[in-house]
1. Within the stretch 30-41, can one find any residue that is in contact with a helix residue (DSSP H, G or I) (Cβ under 6 Å, 6 or more places away or on another chain) and surrounded by 18 or more Cβ atoms within 10 Å (Cβ to Cβ)?
2. Are there any pairs, at least 6 apart or on different chains, whose C-beta atoms fall under 6 Å, with the first in the stretch 123-145 and on the phi < 0 side of the Ramachandran plot and the second among the hydroxyl-bearing types (Ser, Thr, Tyr), and if so, which?
3. Can you name every residue in the stretch 20-32 that is within 15 Å of the chain's Cα centre (by Cα) and among the hydrophobic types (A, V, I, L, M, F, W, C)?
4. Can you pull out the strands (runs of 3 or more DSSP E) entirely within the stretch 33-152 that have at least 3 residues that are under 15 Å from the mean Cα position of the chain (by Cα), at pLDDT 90 or above and within 16 Å of Val23 (Cα to Cα)?
5. So, in the stretch 46-77, how many residues would count as being touching a Ser or Thr at 6+ places or on another chain (Cβ under 6 Å) and aliphatic (A, V, I, L, M)?
Amino acid sequence: MGYLRDDPHATAKRRVLRHAPWVVLRDASTAPINGISDFCSRPQVLVTPQGDLEGFVDDQLRELGHDRHVVVGLSSFALILSTLPGTDLITTVPDFIAERLADLGRLAIDPCPVAVPPVTNTMAWPASTDRDSAERWFRERVAEAFLATGGSSES
């Protein structure tokens with residue numbers, strides 16, 4: 001459940017839970033992002049479970065003839081709360097994550113100046129459990145939780 005980098009097995013069932021646009025998160029005391037050049041000039045944090053320092057944003061920036069300076073790689077979105085506040089660092093994250101983190105810390109949200117395709121959060125499960133009543137109940141609770149946080153579920 002979540003962002004599935006690789007497609008699940010061909011027989012797997014799946015349900016799209018959300019298409020989340022990307023936004024920029026920054027310390028609330030720093031200036032808002034003012035265009036793509038300002039965005040690229042700021043030191044950046046990348047959430048990267050694989051440990052690489054390039055992502056979707058870098059692909060789009062290259063197409064536009066720009067690049068950014070990623071100075072910190074984090075393994076989890078939760079680490080943003082201990083990394084961004086009190087610094088000039090920025091990060092690009094899905095909107096629903098930014099909203100939760102901004103509520104918890106001294107963080108502000110700006111629109112992403114780069115046209116990055118929204119990230120799709122998907123739930124996948126084995127076809128063999130598709131009709132199991134407990135599994136169906138659980139999948140419905142998960143979908144409801146995503147909808148409660150601004151998602152738009154699709155079957």
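The values are calculated or read from the model by the stated rules, or taken from the named source; none is laboratory data. Owing to the predicted nature of the structure, the values given are computational and were not obtained by experimental measurement. In this analysis, Cβ positions are derived from the backbone assuming ideal geometry, glycine residues included, and neighbour counts consider all displayed protein chains.
1. Checking the stretch 30-41: at least one residue is in contact with a helix residue (DSSP H, G or I) (Cβ under 6 Å, 6 or more places away or on another chain) and surrounded by 18 or more Cβ atoms within 10 Å (Cβ to Cβ).
2. Partner pairs satisfying both residue conditions: Ala127/Thr11; Glu135/Thr129; Ala143/Ser153.
3. Ala20, Trp22, Val23, Val24, Leu25
4. Because the criterion is at least 3 residues that are under 15 Å from the mean Cα position of the chain (by Cα), at pLDDT 90 or above and within 16 Å of Val23 (Cα to Cα), the strands (runs of 3 or more DSSP E) in the stretch 33-152 that meet it are 43-47, 90-94, 107-111.
5. Of the residues in the stretch 46-77, 1 are touching a Ser or Thr at 6+ places or on another chain (Cβ under 6 Å) and aliphatic (A, V, I, L, M).
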